[in-house]
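Student: I'd like to ask some things about the structure below.
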Amino acid sequence: MTRNIVLASNNQGKLKEFFEILSPLDIRLHAQTEFGVSDAEEPHLTFIENALAKARHAARLTGLPALADDSGLCVNALNGAPGVHSARYAGEPKSDSRNNQYLITNLAHQQDRSAYYYCVLVYVRFELDPQPVIADGSWAGEIIAVPMGEHGFGYDPHFWIPSMRKTAAELSTEQKNTMSHRGQALRALLEKLK
């Protein structure tokens, strides 16, 4: 039996990744934009609180089970920034290019370039579900000053994976989905949902 789930995101890059990872399964994923649902507020200081708020928001407005992601880049030399503010690191309006430029500027005098992507996924069966299913994943790398690659989105052109000798933006979709924080979290969540 096909399960209908609303994805609590309007981020086209995330939507593409989720659809690609979930397409072989018996899940029909609907973007919240199909229902006219706008982005939820994300006022919290942690990824998990923001993901839960987004999942409950989408479930309330659609009446469907909801899956929400909150993820971001955490840079060790910047005390975890941009973290939960990754999408708006350089302010409004959201801009990947401005965020990347701001990141590189903030790291200009730092020796430590280690960073990691982090993702929390929350699945709720209904808005006030008292037992949300939660999974997470992380992906370690380093920040490079000069962008490389044409794929991905966000900080991917600056996120260097030493073991691959490539940035996330140089990986194929299949490679990225296998390695990424979001791919890891999604596989963990699917195991829990079984």
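Every read-out reported here was derived from the displayed coordinates using simple, explicitly stated rules and does not represent laboratory data. These figures come from a predicted structure and were not determined experimentally. Glycine gets a Cβ as well: all are built from the backbone with ideal geometry, and neighbour counts include every protein chain shown.
Student: In segment 154-180, whose amide N lies under 17 Å from the spot 7 Å out along Cα-to-Cβ of A140? List them in ranges.
Tutor: Output list for this probe position: 159-166, 168, 179-180.
Student: So if each residue of separation counts as 0.36 nm, and I subtract the Cα-Cα distance between K166 and L45, what length gain in nm does that give?
Tutor: Length difference between fully extended and current span is 40.5 nm.
Student: Something else about it: Under the 0.36 nm per residue contour assumption, what length would be gained going from the current alpha-carbon distance of R187 and N10 to full extension?
Tutor: Length gained between R187 and N10: 61.6 nm.
Student: Can you give the charge dipole size of segment 124-194 about its Cα centre, rounded to the nearest 20 debye, using +1 on the beta carbon of Lys and Arg and -1 on the beta carbon of Asp and Glu?
Tutor: 220 debye
Student: On to the next question. How large is the charge dipole for the chain, taken about the Cα centre, if only the Cβ atoms of Lys, Arg (+1) and Asp, Glu (-1) carry charge, to the nearest 20 debye?
Tutor: Dipole magnitude for the chain comes out near 240 debye.
Student: How high is the FRET efficiency from Q175 to F153, r the C-beta distance, R0 22 Å, rounded to 0.05?
Tutor: 0.90
Student: Do the sum for the chain: with -39,500 (n - 2.57) for every DSSP H run of n ≥ 4, divided by all residues, what is the mean residue ellipticity at 222 nm, to the nearest 500 deg cm²/dmol?
Tutor: That comes out to -9000 deg cm²/dmol.
Student: Based only on other Cβ atoms within 10 Å, what is the fewest-to-most ordering of V124, V133?
Tutor: Listing V124, V133 from fewest to most nearby Cβ atoms yields V133, V124.
Student: Which percent of Cα pairs goes in each bin when the distances of segment 1-148 are cut into 10 angstrom slices starting at zero?
Tutor: Whole-percent P(r) values from 0 Å outward: 11, 38, 32, 16, 4, 0.
Student: So for the chain, taking the charge dipole from beta-carbon charges (+1 Lys/Arg, -1 Asp/Glu), which of S71, A55, L29 sits furthest toward the positive end?
Tutor: The Cα lying farthest towards the positive end belongs to L29.
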